[in-house]
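Right, one structure below, let's go through it.
Every number in this text was worked out from the coordinates using simple rules, so none of it is lab data. The model shown is predicted, which means the values in this text are computed figures rather than measured ones. Every residue, glycine among them, receives a Cβ derived from its backbone with ideal geometry; neighbour counts consider all protein chains shown.
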Ligand SMILES: [Mg+2]
């Protein structure tokens, strides 16, 4: 058998093999090698699973996922957004006004640039906006070896999926010492007119990197909104990095309920807003150790998808 292939549960007595859930299978020696079959099917003789067909794909958000939101960089970027608005958005005179204008629009669009455009602020250059608001990654971010170890422990394609522009995202990855860990970075410039959590942004990601089966993708995120789309629209495995982002979103959800805001009320279909996620990493930092202590579940498929990281935890 090819060392790059794996065999699951061969039952020679019955002449069947059984393939684990959601895997693609092929029959050794059969001309149909590589042809996908649906989960639960049986076949004769030995079964192999080609690695490239069964591997997991890992998708990472940037801010609050590949570095802790508590380090203050994202908050500093937000402050610079308000300064930028005072300078470039007519009618916005103070940072406090900017914060007030921004908060409602951001909650709706989940990306500041889109929020500002939606408010009719279009008299500034996008490159200038990104360069100003994300200007000091080198000073604010530093390599975190434990996060790098987690990312490196996972075998499979890895992508960064962020509402930040990809140019500044790549600069941040350099500062974090992670620039060589990923197979691609997909950011605001790539997404064009859409952004997370819109399903169209996910479709664009999958199309760019030829991801054919989103249910074999694990999505690491600190925003529940983005994870909700990943779960509901694409059946991705979802890992929540619980931090102040979650607290903010839950507070905003509660405020929205109080105000009976129709736009957000549509998302409030369960009492526990985190009930759908496959794993919750506490402490705001994604490491082998924090993932191994992931609370609430993790679900069976989250364990399978991140088995390499969990093996690393058991060895330490
Ligand atoms: Mg984030």
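Starting from the Cα-Cα distance between residue 183 and residue 152, subtract it from 0.36 nm times their residue separation and give me the gain in nm to one decimal.
Result: 10.0 nm gained on full extension.
Residue 99 to residue 300: extension gain in nm, 0.36 nm per residue of separation minus the Cα-Cα distance?
Full-extension gain reported as 68.2 nm.
What's the long-distance tail for the range 73-133, i.e. % of Cα pairs beyond 13 Å?
Of all Cα-Cα pairs in the range 73-133, 57 percent lie more than 13 Å apart.
Among 171-184, 88-101, how do they line up by average Cβ neighbours within 10 Å per residue, starting with the highest?
The peptides rank, most packed first, as 171-184, 88-101.
Calculate the length of the line joining the C-alpha centroid of the range 63-91 to that of the range 169-200, in whole Å.
Rounded to whole Å, the Cα centres lie 17 Å apart.
Sorted from fewest to most neighbouring beta carbons within 10 Å, what does the list 158, 196 look like? Intermediate results must be reported in sequence, preceding the final value.
Working: 158 20, 196 24.
With the fewest neighbours first, 158, 196 line up as 158, 196.
Neighbouring Cβ atoms within 10 Å as the yardstick, rank 114, 232 fewest first.
Working: 114 20, 232 15.
Listing 114, 232 from fewest to most nearby Cβ atoms yields 232, 114.
Remind me, relative contact order of the range 73-133 in percent, using alpha carbon pairs under 8 angstrom and six or more residues apart?
Reported as a whole number, the value is 35 percent.
Tell me, in nm to one decimal, what length is gained between residue 83 and residue 254 on full extension, where the rule is 0.36 nm per residue of separation less the Cα-Cα distance?
Contour length minus the Cα-Cα distance gives 58.7 nm.
Going by how many other beta carbons lie within 10 Å of each one, how would you line up 280, 250, 288, 241, fewest first?
On the way: 280 17, 250 13, 288 24, 241 29.
In increasing order of surrounding Cβ atoms, one gets 250, 280, 288, 241.
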